[in-house]
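The values are calculated or read from the model by the stated rules, or taken from the named source; none is laboratory data. Small disclaimer: the values here were computed from a predicted structure and weren't measured. Reconstructed Cβ throughout: ideal geometry from the backbone, glycine too, with neighbour counts over all protein chains shown. For the accessible areas, the whole protein counts, side chains as well, though only heavy atoms, and no ligand, DNA or RNA atoms are used. Shrake-Rupley method; radii C 1.70, N 1.55, O 1.52, S 1.80 Å.
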Amino acid sequence: MIFINYKPIRLIELFAGIGSQAKALTNLGLNFEHWRICEFDEHAIRSYNAIHDTNFVASDIRKINASDLGICDTDEHTYLLTYSFPCVDLSNAGKGAGM
């Protein structure tokens, strides 16, 4: 399947971590805008901003409303909402104890 998108992509990453979804889009060569992220871990946010040259702040998914996502002008933009599951249990920080 070939995906052709003629509208600019605005990426919304929930549970963003360090931005693996954004990195995947970059690796695919897609042009997109980092639109919104939701991540509560301050260390992950600092890493995300350093990796992607952004300036996001930490946020709590329990305090986010649909209106906070800034989805507008849907005739001019494609909004791509992604999410990642917590990976701490798979990482060195979680001692690989997950799954």
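Here are some notes:
- Among the residues of region 1-34, those identified as part of a loop (DSSP other than H, G, I, E, B), open to solvent by less than 80 Å² (accessible area, probe 1.4 Å) and within 22 Å of THR78 (Cα to Cα) are ASN5, LYS7, PRO8, ALA16, GLY19, GLY29, LEU30.
- Residues of region 35-55 satisfying the condition of being open to solvent by less than 90 Å² (accessible area, probe 1.4 Å) and either in a helix (DSSP H, G or I) or closer than 15 Å to SER84 by Cβ (or both): ARG36, ILE37, CYS38, GLU39, ASP41, ALA44, ILE45, SER47, TYR48, ASN49, ALA50, HIS52
- Members of region 67-82 that are open to solvent by less than 80 Å² (accessible area, probe 1.4 Å) and in a helix (DSSP H, G or I): ASP68, LEU69
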